[in-house]
Amino acid sequence: MMEKQLHLSDKKISIRDLGDREYFYGHKACPGCGGSLALRLALKVLGERSYAVVPAGCMSAVGFIFPQMAFSCNAIISTFPGTASMLSGVAAGARALGIKDFHAVGFAGDGGTADIGLQALSGAIDRHDKIMYICYDNEAYMNTGVQKSSLTPIGARTTTSPAGKRLKGAVTHKKPMFEIVAAHGIDYAATASVGYPLDYLRKLEYASRVDGTSYIHVFAPCPVGWGHDTSDTISVAKNAVDCGLWFLAEFSDGKFTLNHKPGKFTSAENYLLGQSRFRHLGEEDVKDILAERDSRWSRILSEWSL
Amino acid sequence: MNYPVRQKSFKPPKVLADYPVGTAFPAGHLVETNASWRSHRPVIDAAKCTNCRICWLLCPDGVIHNSTPQGLEIDYDYCKGCGICAKECRQKAIRMENEGV
Amino acid sequence: MIPAQKAFLSGNEAVAAGVRLARPHVIAAYPITPQTTVIERLAEMVEDDSLKAEYLHVESEHSALSACIGASAVGARTFTATSSQGLLYMAECLHYASGGRFPVVMMNANRSLALPWNIYGDQRDSLSLLDCGWIQVYAEDAQESLDLIIHGYAIAEDPHVLTPFMINLDGFLITHTYELLNLPTQEDVDVFLPPFRTVNKMDLDHPMSLAFTAGPAYNQSFKQLQHQAMMSASKVIFETEERFGQLFGRHYPGLIETIHCDDAEFILVTLGSVAGTVRPVVEKLRSLGERVGLVRIRYMRPFPDTEISTALAGAKSVGVLEKDISFGYEGTVFTNVNSALMRAKVLPPRLLNFVGGLGGKDISATDIERLFLRLKSPDDGETVAFI
């Protein structure tokens, strides 16, 4: 039953390093769901000695419908705000019982992380609890039918940030979750994208060895909420990075590192207008989004190492 | 087995005594398939496949398996037909065939 | 039996002493007046290594109970404590713990609810959460508080029960009142309370899915099982107290305690520390030839309906005194007592609800005497009276 163990350098991982065993299988996620891929890959890296904590949201709704159980490792649904606090309890309980070599790993969406779950996440990071927290960011409350969260990007149309005559979708920028967790002095944090799976896998493997709290924020498109073809999930996730609207970075030992510097950004217009949630945006709106992107990148490039 | 299969012999609980204690149930317990979700099915052209396994890596449902010596095999019980595998295959070795539904 | 030590402890300190004796694996702590000294004493015990537990400084009451549920879900014994607003902030997790059948033991320092703000005792916090599926017990003093912590784990973790356990202490009146009490020895408690064993957990050797979704076809069955488990707790409570009495020499009377009820015409029903005020008044009035009695409700859930209707069967007039009001109707304890009497078709000629002590308003022995007088006086048509 033993999974092939990963022994990797910090910089490289290949598909061949991953075991064949599936830990998230037969779930009811929508076709092409980026979040379910993020979860599946994480559990392939972490293996059978994992306790997965999944709050109310898409991944719990699709994974534990009695008597259909899609997780093959131990898993539990937490309350919506309680991903990190339950993870802390699981880790503390297992430690107190003398259980060794386990991973307590949470999978929460953007709303479950940046909105309702932020308090508990902040507490866990502050305690340096040895837990892994993975935020699969599909940029809105998808399980309830695409409502705006604080990680919905500006201009995105959701059912609670409609695009009409007066407003053009969401009017606020994404909350900078990566920087927020880093500001806590977290032991390890990273951003990732399912469009760059090897980078994501490497970060998962690294995080699994961190003696403290680790946080991975993985960009995970939702074909239903974003309005793209189910087959485009990976390419959309890759394009977001390539056009500079998402970034791949790490934070450890108090330092930010940019992992992937796009030589020249690909067209953000193509990225945005390829998704129905942005299709209402006019030229000026896109220009504003690009201006914000460019100012973020000038800060990243001046402050973070490469 | 590297992945769970449908428990065909499972009988749903009828009386209270059949129910589990608390809300705890064996992991990886599948009683139904997702096959009916699919409008198109991916089909691997073994002649073109180089077994690079990018499709296996990127499948959100994990239904592409390395289970035969000949190469990859798709578990059509749980494939939802999203088409990521066909789209991401660098060899164009996977085509999406209409299920005719 | 090794002779017990004597100790001079407040209710909160007695709870902390009881928790240490119960050897929990995980304690999740978030401060709120008047619970705070419980978690302070526990922190000191962990610091001096007399209590070997993971002590989590959580960031809210919601997280406190969420962490306890997580720890319980791997098979750990857990403790947390709260009060008032904190209990309400936990409300989601209260239902979660009981629905998932996680036998967390928690102390609640009964305190009023804002608004207006107030830190003093009444029981509206826990009584407003009577339906959350927890066993609810109300202590009368520090000794009982300590003993109830130890009972609590034995009852909550019983495989037939597997239901979380809430021990309520009146804020300040019990939590901060010192008394000389018997401290059981660790050896005796270890005999009484075996380590927690459950199948309702995540297990690395046999992976499980916990806290799952159950749709309309199955959901109600899980709720029925939860109700069955709570109902079966009554028997386990009796057995636990019996076993405790044999080992420790302190005997508890089950779901309710009755004082002079056999031939009483006028009976006050109450719960918590105010019973300590009623007791001497009953004795005094008895010495004057008055046929008065007291029913002290210990457990509100499971509710002692048979015990209450039996105790009240011969009474002419019954008053339910509680620190609670369900606005727009009556006190919750009164509603429950009334329902028990209706079920048993025991209908005392007069049934009055006395609502008092809200926000810490004092209830004196004189007040109690007045209540008995009122029970004796002719019916004035009033059902709910603020005292």
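The values are calculated or read from the model by the stated rules, or taken from the named source; none is laboratory data. None of the values given here were measured: they were computed from a predicted structure. Positions of Cβ are generated from backbone atoms using ideal geometry, with glycine treated the same way; all protein chains shown enter the neighbour counts.
Out of segment A:9-63, which residues are surrounded by fewer than 23 Cβ atoms within 10 Å (Cβ to Cβ), in contact with a Phe, Trp or Tyr (Cβ under 9 Å, 6 or more places away or on another chain), more than 7 Å from every other protein chain (Cβ to nearest Cβ) and assigned to a helix (DSSP H, G or I)?
Matches in segment A:9-63: A:LYS44 only.
From the residues in segment B:8-38 that are farther than 21 Å from C:HIS206 by Cα and among the β-branched types (Val, Ile, Thr), which one is surrounded by the fewest Cβ atoms within 10 Å (Cβ to Cβ)?
Once the filter is applied, the top-ranked residue is B:VAL15.
Filter segment B:75-101 down to the residues that are in contact with a Cys (Cβ under 8 Å, 6 or more places away or on another chain), outside any loop (DSSP other than H, G, I, E, B) and more than 7 Å from chain A (Cβ to nearest Cβ), then identify the one that is surrounded by the most Cβ atoms within 10 Å (Cβ to Cβ).
Residue satisfying both the conditions and the ranking: B:CYS85.
Out of the residues in segment C:63-87 that are β-branched (Val, Ile, Thr) and either touching a Lys or Arg at 6+ places or on another chain (Cβ under 7 Å) or more than 19 Å from C:LEU130 (Cα to Cα) (or both), which is nearest to the other protein chains (Cβ to nearest Cβ)? Write out each step before concluding.
Here is the first cut: in segment C:63-87, the residues β-branched (Val, Ile, Thr) are C:69, C:74, C:78, C:80, C:82.
This time we only want the ones that are either touching a Lys or Arg at 6+ places or on another chain (Cβ under 7 Å) or more than 19 Å from C:LEU130 (Cα to Cα) (or both), so: C:69, C:74, C:78.
Details: C:ILE69: 6, C:VAL74: 4, C:THR78: 7 Å.
Among those residues, the one meeting the criterion is C:VAL74.
Since B:LYS11 meets every condition but one in (1) within 19 Å of A:VAL62 (Cα to Cα); (2) in a loop (DSSP other than H, G, I, E, B); (3) within 14 Å of chain C (Cβ to nearest Cβ), which condition does it not meet?
Result: B:LYS11 fails condition (1) only.
Condition (residue is under 17 Å from the mean Cα position of the chain (by Cα), of a type outside the set (S, T, N, Q), within 14 Å of chain B (Cβ to nearest Cβ) and in a loop (DSSP other than H, G, I, E, B)) applied to segment C:171-182: is it met by at least one residue?
No: zero hits.
Would you check if A:ALA124 is touching a Lys or Arg at 6+ places or on another chain (Cβ under 7 Å), more than 8 Å from chain C (Cβ to nearest Cβ) and at pLDDT 95 or above?
no
Got a sec? Which of C:SER128, C:SER50 is away from every other protein chain (no Cβ under 14 Å), closer than 24 Å to C:LYS223 by Cβ and surrounded by fewer than 24 Cβ atoms within 10 Å (Cβ to Cβ)?
None of the others qualify; the one that does is C:SER128.
Considering segment C:110-134 alone, what residues qualify as being touching a Pro at 6+ places or on another chain (Cβ under 7 Å) and over 19 Å from C:GLY331 (Cα atoms)? Before the answer, list the steps.
Taking segment C:110-134 as the starting set, the residues that turn out to be touching a Pro at 6+ places or on another chain (Cβ under 7 Å) are C:111, C:119, C:134.
Of everything in segment C:110-134, those that are touching a Pro at 6+ places or on another chain (Cβ under 7 Å) and over 19 Å from C:GLY331 (Cα atoms) turn out to be C:ILE119, C:TRP134.
Only residues that are touching a strand residue (DSSP E or B) at 6+ places or on another chain (Cβ under 8 Å), closer than 14 Å to A:ILE180 by Cβ and not in a strand (DSSP E or B): list them for segment A:124-148, please.
Across segment A:124-148, the qualifying residues are A:ALA124, A:ILE125.
Do you know which of the residues in segment A:91-105 that are at the interface with chain C (Cβ under 10 Å from one of its Cβ atoms) and touching a residue at least 40 places away in the same chain (Cβ under 8 Å) is surrounded by the fewest Cβ atoms within 10 Å (Cβ to Cβ)?
So, considering only residues that are at the interface with chain C (Cβ under 10 Å from one of its Cβ atoms) and touching a residue at least 40 places away in the same chain (Cβ under 8 Å), the one surrounded by the fewest Cβ atoms within 10 Å (Cβ to Cβ) is A:ASP101.
Which residue is farthest from the other protein chains (Cβ to nearest Cβ), if the candidates are limited to segment C:224-264 and must be in contact (Cβ under 8 Å) with a residue 24 or more places away in the chain and under 30 Å from A:GLY57 (Cα atoms)?
Ranking the qualifying residues of segment C:224-264, first place goes to C:MET230.
Determine which member of the set C:PHE212, C:PHE165, C:PHE238 is at pLDDT 95 or above, surrounded by 24 or more Cβ atoms within 10 Å (Cβ to Cβ) and closer than 22 Å to C:GLU257 by Cα.
Values: C:PHE212 fails: closer than 22 Å to C:GLU257 by Cα; C:PHE238 fails: surrounded by 24 or more Cβ atoms within 10 Å (Cβ to Cβ).
After ruling out the rest, the residue left standing is C:PHE165.
Can you name every residue in segment C:335-373 that is in contact with an Asp or Glu (Cβ under 9 Å, 6 or more places away or on another chain), among the charged types (D, E, K, R) and outside any helix (DSSP H, G or I)? So that I can check it myself, show each step before the final result.
So in segment C:335-373, the residues in contact with an Asp or Glu (Cβ under 9 Å, 6 or more places away or on another chain) come out as C:336-341, C:343-344, C:349-350, C:352-361, C:372.
Among the residues that remain, those that are also among the charged types (D, E, K, R) are: C:343, C:350, C:361.
Within segment C:335-373, C:ARG350, C:LYS361 qualify.
For segment A:258-284, which residues satisfy the criterion of being more than 18 Å from A:SER193 (Cβ to Cβ) and surrounded by fewer than 17 Cβ atoms within 10 Å (Cβ to Cβ)?
Correct list: A:LYS264, A:GLU269, A:LEU273, A:SER276, A:ARG279, A:HIS280, A:GLY282, A:GLU283, A:GLU284.
For segment B:1-49: of the residues being touching a strand residue (DSSP E or B) at 6+ places or on another chain (Cβ under 9 Å) and polar (S, T, N, Q), which is farthest from B:TYR78 (Cα to Cα)?
The residue in question is B:THR23.
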